[in-house]
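Below you'll find the structure, written out as structure tokens, and then a few comments.
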Amino acid sequence: MEKGESLKTGYNTKEKALGGEVRGMLNQISSHRLYSLLSSFIREIMNATEPDLLLDALMRIFQRFVDCEHIVVLDKDLNVKKIKGGNVEIDEELNKMVRWVASSHSPMSLPKQEMFVHIFPLVKAGKTLGVLLAWSREEIVVETSELLRTFAFLSAVVLENLELYSSLQRQHMVLEATKNYMQRILDSFPQHIAVFDQDSRIVFANKGYSLSSFGEDVVSRIIQLVQKTFLTGSRQTLEVEEGANFYSIVAEPVEYEGQPQVLLVITDVTNTKEVERLKAIDQLKTEFVANISHELKTPLAAIKAYAETILTSFEMFDQQTLNEFVQIIYKESQHLESILEGLLDFSKLEQKMLILEKATFDLTGLVRETMRSVEELAKSKQVKLELLTKEPVLIRADQRRIRQVITNLLSNGIKYSKEDSQEKYVRVKIERKDDRVLIEVSDNGIGIPKEYHEKVFERFFRVGTVMDHRVEGTGLGLTIAKQIVELHGGRIWLESEPGVGTTVFVELPVGGER
Amino acid sequence: MKLEEIIAKVEELPTPDPIVQKIIAVASDPNASAKDLADVIKLDPSLSVRVLRLVNSAYYGLPRKIAQLSEAVMILGFKTVRNLALSVFTYSSLMRRKRSTIDHTALWKHFIGVAVASELMAQLVGYPNKEELFVAGLLHDIGKVTLEFVSPEMFAAVAKLTKTLKISFFEAEKKLNLPNHALISMKTIERWGLPELVSQACGGHHTPESFSESLYSDVISMIHVSDFFVNTINYGESYSYGGFVLSPYALNLLGLKPRMLTNYLKKLKEKLMTADEFLKIEQEAVS
């Protein structure tokens with residue numbers, strides 16, 4: 001048998017024509033052809049960016065070596081993945097052979113109905129990634145078989161890498177989607193959330209933080225807090241106020257890929273603060289109601305008791321006793337009236353319904369008169385009242401209201417005197433300064449701690465509620481005084497030291513004199 | 001005795017069966033077809049029968065029976081059929097020496113064990129040309145047969161030494177200042193006209209490190225590791241009674257991890273169970 005006759009490569013006919021003597025030359029041409037095919041294959045698999053393209057390249061190289069009518073690529077589960085050259089049937093026998101090839105990793109040429117099915121496994125390190133089937137009328141010689149097998153192996157290596165790459169890409173997409181999902185969740189938080197790296201650069205921020213517009217001052221305090229958190233490695237908190245808003249800031253150390261970072265959460269606590277304030281007012285109101293009830297009840301009880309006594313035993317009392325009783329009833333009702341008036345004033349002031357009735361009068365005289373009206377109270381507490389200004393000071397104001405202010409200041413001075421002290425006094429000084437008048441009411445009483453200097457002017461507030469329950473009063477006096485003074489365009493403030501005494505300053509414009 | 005002297009004696013060995021030589025030649029011819037190979041094998045009817053028996057053995061586990069040699073060549077491949085013919089030939093030449101002092105059946109079992117293990121190793125490490133591994137595994141210790149043929153006394157001395165000192169055949173040869181059997185294997189195979197890959201793989205199977213420059217260093221390492229495992233599971237008899245060394249160089253070269261080897265060993269035991277047909281080639285031939 002002639003060796004040439006058995007050749008089934010594409011050079012089959014050529015060789016027959018040229019005869020046996022050119023065999024050496026043929027091998028040379030063949031290897032030349034092989035190298036160019038190899039180069040093409042390498043180029044193609046290099047360019048294959050996805051498994052599909054790679055399989056296309058592999059199918060093309062098979063077609064160049066063997067004249068195939070159909071090529072089918074099966075995946076690792078032996079399902080058809082790619083078909084070239086029309087559909088073909090994979091019958092039971094072929095299916096069994098394919099399975100054998102897949103498990104034994106050995107290629108096979110199966111003679112089948114005048115044709116050959118060349119079956120090549122796509123194997124990578126013991127793992128079958130797929131199987132290639134090529135239907136051809138040609139038999140394959142040793143060299144071609146070895147080469148195609150090598151190509152199939154090479155393709156499997158690249159195929160696995162591409163599949164890994166694709167799965168990596170899919171994972172990356174899932175990761176990206178997860179990241180967006182988390183971002184959306186974090187964006188929906190009312191808090192401003194950000195993560196800082198060691199150079200105080202923002203590496204993550206939610207919508208709340210990105211859209212926030214803090215002032216320079218707040219930003220620098222945030223940066224300081226972040227740096228402090230890096231230094232101490234422990235959780236830091238801070239409260240800042242900007243405009244009408246309050247923010248609570250929490251900075252916490254976190255770690256990302258071995259690098260320390262700081263998680264910052266800023267919460268707007270303005271509403272919480274407002275609620276706290278309202279709660280405090282509510283508390284004050286409750287106390288006020290309790291207070292005022294007590295204040296109203298005391299004179300009422302006296303009036304009721306004396307009136308009852310008179311009614312039941314009228315004949316038994318002499319004229320003098322009766323007179324005394326009625327005097328008490330009268331005095332107590334006056335007290336009651338003044339309390340009610342105070343309440344009324346307060347409510348008018350609250351609703352901005354108080355109208356000043358201005359007239360020109362002598363302030364010194366008014367103070368002198370007022371002193372006289374509280375003389376009895378002063379005597380009962382052994383407090384000496386002193387008016388240091390003698391000359392008249394004219395002022396245009398609502399006389400009745402100013403008297404109310406002076407009365408309140410004087411009675412406060414008397415009420416908050418030191419019980420066991422000698423030489424207790426309340427002194428008033430009136431001074432004209434340009435177009436303003438300054439009234440100073442000073443005492444050597446118990447004094448007011450510094451933190452309450454502003455608060456005593458707030459409605460319902462009584463230092464007494466905190467410090468001393470022995471002193472009576474509605475707690476509205478200074479509030480009303482302040483509002484009256486401010487209604488006149490003046491100011492009221494105080495200087496005080498606990499245990500030394502208090503000086504209240506009232507500054508009023510001289511008003512419409514000119 | 002020097003290697004050259006032994007080789008000189010090897011030259012005197014009967015040349016392999018002309019049909020086997022032709023089979024090797026055809027299987028190595030890049031332009032050979034299935035029919036070419038089948039036609040050569042058919043020249044020896046007894047060989048044909050035995051080859052077909054192996055083709056249809058449990059070791060290959062083909063889904064259907066193969067009746068034609070040319071079909072067998074197409075389905076199992078040129079190299080595999082060549083390997084089967086070589087197996088039959090090697091077996092026959094081993095068994096022909098009835099008056100030998102060594103247990104040929106046990107040695108043959110070792111040959112087949114390493115052949116199967118090497119082919120499986122190729123699959124494990126992803127080496128496509130696994131049929132060459134089979135034949136290299138099959139013939140790696142053929143040097144021992146050569147040594148015994150050339151000088152049964154020397155062989156007996158080595159075998160005694162390895163048994164008493166519990167050292168490997170290779171170490172015993174060194175102690176007796178004999179050329180090692182791997183090199184004798186290589187020289188023997190070169191005469192058979194098998195690819196260089198096969199002769200080198202056999203020549204270096206005890207010293208893979210010293211073949212690091214070889215084109216076939218990976219194949220040499222595969223044979224080395226396979227030989228080690230077949231020895232440790234006591235499949236057959238290699239006339240080595242201890243001193244088996246697994247070369248770290250070979251493991252590194254092949255990128256083999258302990259877990260892979262455990263898995264490999266399990267698969268190897270399963271695979272060897274299917275290789276029984278290879279152990280009783282002669283019986284079939286007699287019938």
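Observations on the model:
- In the stretch B:65-82, the residues that are out of contact with any Asp or Glu (no Cβ under 6 Å at 6 or more places or on another chain) and either in a helix (DSSP H, G or I) or at the interface with chain A (Cβ under 8 Å from one of its Cβ atoms) (or both): B:L69, B:S70, B:E71, B:A72, B:V73, B:M74, B:I75, B:L76, B:G77, B:F78, B:V81, B:R82
- When A:E276, A:E315 are checked against the criterion of being among the charged types (D, E, K, R) and over 30 Å from A:E458 (Cα atoms), A:E315 stands alone in meeting it.
- Residue within the stretch A:155-174 that is within 13 Å of another protein chain (Cβ to nearest Cβ), in a strand (DSSP E or B) and among the aliphatic types (A, V, I, L, M) present: no
- Residue selected from the stretch B:121-141 under the condition in a helix (DSSP H, G or I), away from chain A (no Cβ under 14 Å) and touching a Phe, Trp or Tyr at 6+ places or on another chain (Cβ under 8 Å), by the criterion farthest from B:V88 (Cα to Cα): B:G137
- Candidates A:I266, A:I249 - the one that is surrounded by 15 or more Cβ atoms within 10 Å (Cβ to Cβ), touching a Phe, Trp or Tyr at 6+ places or on another chain (Cβ under 6 Å), β-branched (V, I, T) and not in a helix (DSSP H, G or I): A:I266
- Look at the stretch B:227-255: where a residue is over 21 Å from B:S212 (Cα atoms) and a partner is among the basic types (K, R), sitting 6+ places away or on another chain with Cβ atoms under 6 Å, you get B:G236/B:K109; B:Y241/B:K163; B:Y241/B:K166; B:G242/B:K166.
- Matching residues, the stretch A:85-114, being surrounded by 15 or more Cβ atoms within 10 Å (Cβ to Cβ) and more than 9 Å from chain B (Cβ to nearest Cβ): A:V88, A:I90, A:L94, A:V98, A:V101, A:A102
- The requirement of being closer than 28 Å to B:G143 by Cα and either within 14 Å of chain A (Cβ to nearest Cβ) or surrounded by fewer than 17 Cβ atoms within 10 Å (Cβ to Cβ) (or both) is fulfilled somewhere in the stretch B:30-45, by at least one residue.
- Top-ranked residue in the stretch A:201-225 [being among the hydrophobic types (A, V, I, L, M, F, W, C) and closer than 19 Å to A:E241 by Cβ; ranked as surrounded by the most Cβ atoms within 10 Å (Cβ to Cβ)]: A:I222
- Residue in the stretch B:208-218 that is within 15 Å of the chain's Cα centre (by Cα) and part of a helix (DSSP H, G or I) present: no
- Among the conditions (1) of a type outside the set (S, T, N, Q); (2) within 22 Å of B:N129 (Cβ to Cβ); (3) in a helix (DSSP H, G or I), the only one that A:V123 does not satisfy is (3).
- Scanning the stretch B:169-183 for residues that are within 14 Å of another protein chain (Cβ to nearest Cβ), buried (at least 19 other Cβ atoms within 10 Å of the Cβ) and touching a residue at least 24 places away in the same chain (Cβ under 8 Å) turns up nothing.
- Residue within the stretch A:340-353 that is touching a helix residue (DSSP H, G or I) at 6+ places or on another chain (Cβ under 6 Å), surrounded by 12 or more Cβ atoms within 10 Å (Cβ to Cβ) and at pLDDT 85 or above present: no
- Test: residue in the stretch A:73-89 that is more than 30 Å from A:R33 (Cβ to Cβ) and in contact with a Pro (Cβ under 6 Å, 6 or more places away or on another chain): no
One line per residue, one yes/no per condition, for (1) crowded, with 18+ Cβ neighbours inside 10 Å; (2) modelled with pLDDT of 90 or more; (3) within 55 Å of the chain's Cα centre (by Cα); (4) under 21 Å from A:G489 (Cα atoms):
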residue: A:M371; (1), (2), (3), (4): yes, no, no, no
residue: A:R400; (1), (2), (3), (4): no, no, yes, yes
residue: A:Q404; (1), (2), (3), (4): yes, no, yes, yes
residue: A:N408; (1), (2), (3), (4): yes, no, yes, yes
residue: A:S411; (1), (2), (3), (4): yes, no, yes, no
residue: A:Y416; (1), (2), (3), (4): yes, no, yes, no
residue: A:E419; (1), (2), (3), (4): no, no, yes, no
residue: A:E423; (1), (2), (3), (4): no, no, no, no
residue: A:V426; (1), (2), (3), (4): yes, yes, yes, no
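- With respect to the conditions (1) touching a residue at least 60 places away in the same chain (Cβ under 8 Å); (2) assigned to a helix (DSSP H, G or I), A:Q327 lacks only one, and its number is (1).
- Some residue of the stretch B:8-23 being within 13 Å of chain A (Cβ to nearest Cβ), in contact with a helix residue (DSSP H, G or I) (Cβ under 6 Å, 6 or more places away or on another chain) and in contact (Cβ under 8 Å) with a residue 12 or more places away in the chain: yes
- One residue stands out in the stretch A:118-132 among those that are more than 10 Å from every other protein chain (Cβ to nearest Cβ) and surrounded by fewer than 24 Cβ atoms within 10 Å (Cβ to Cβ): the one that is nearest to A:E163 (Cα to Cα), namely A:L129.
- Taken together, the residues in the stretch A:141-154 that are more than 8 Å from chain B (Cβ to nearest Cβ), buried (at least 21 other Cβ atoms within 10 Å of the Cβ) and either out of contact with any Leu (no Cβ under 7 Å at 6 or more places or on another chain) or of a type in the set (S, T, N, Q) (or both) amount to 2.
- Criterion: assigned to a helix (DSSP H, G or I) and in contact with a Lys or Arg (Cβ under 8 Å, 6 or more places away or on another chain) - qualifying residue of A:L311, A:L296, A:L284, A:L300: A:L284
- Condition check for A:A177: away from every other protein chain (no Cβ under 14 Å) and of a type in the set (G, A, S): yes
- Single residue of the stretch A:57-84 satisfying the filter (surrounded by 17 or more Cβ atoms within 10 Å (Cβ to Cβ) and part of a helix (DSSP H, G or I)) that is modelled with the lowest pLDDT: A:F65
- Yes/no for A:Q422 being out of contact with any strand residue (DSSP E or B) (no Cβ under 8 Å at 6 or more places or on another chain) and either part of a helix (DSSP H, G or I) or hydrophobic (A, V, I, L, M, F, W, C) (or both): no
- Candidate set: the stretch A:85-98, residues that are closer than 22 Å to A:P51 by Cβ and not hydrophobic (A, V, I, L, M, F, W, C); chosen: the one modelled with the highest pLDDT: A:G85
- Criterion violated by A:I339 - all others in (1) under 30 Å from A:S421 (Cβ atoms); (2) among the aliphatic types (A, V, I, L, M); (3) not in a helix (DSSP H, G or I) satisfied: (3)
- Restricting A:S109, A:S145 to those that are assigned to a strand (DSSP E or B) and not β-branched (V, I, T) reduces the list to A:S109.
- Some residue of the stretch B:189-201 being crowded, with 19+ Cβ neighbours inside 10 Å, charged (D, E, K, R) and either modelled with pLDDT under 90 or touching a Ser or Thr at 6+ places or on another chain (Cβ under 9 Å) (or both): no
The values are calculated or read from the model by the stated rules, or taken from the named source; none is laboratory data. What you see is a predicted model; the values in this text were computed from it and never measured. Cβ: placed from backbone, ideal geometry, glycine included. Neighbour counts: every protein chain shown.
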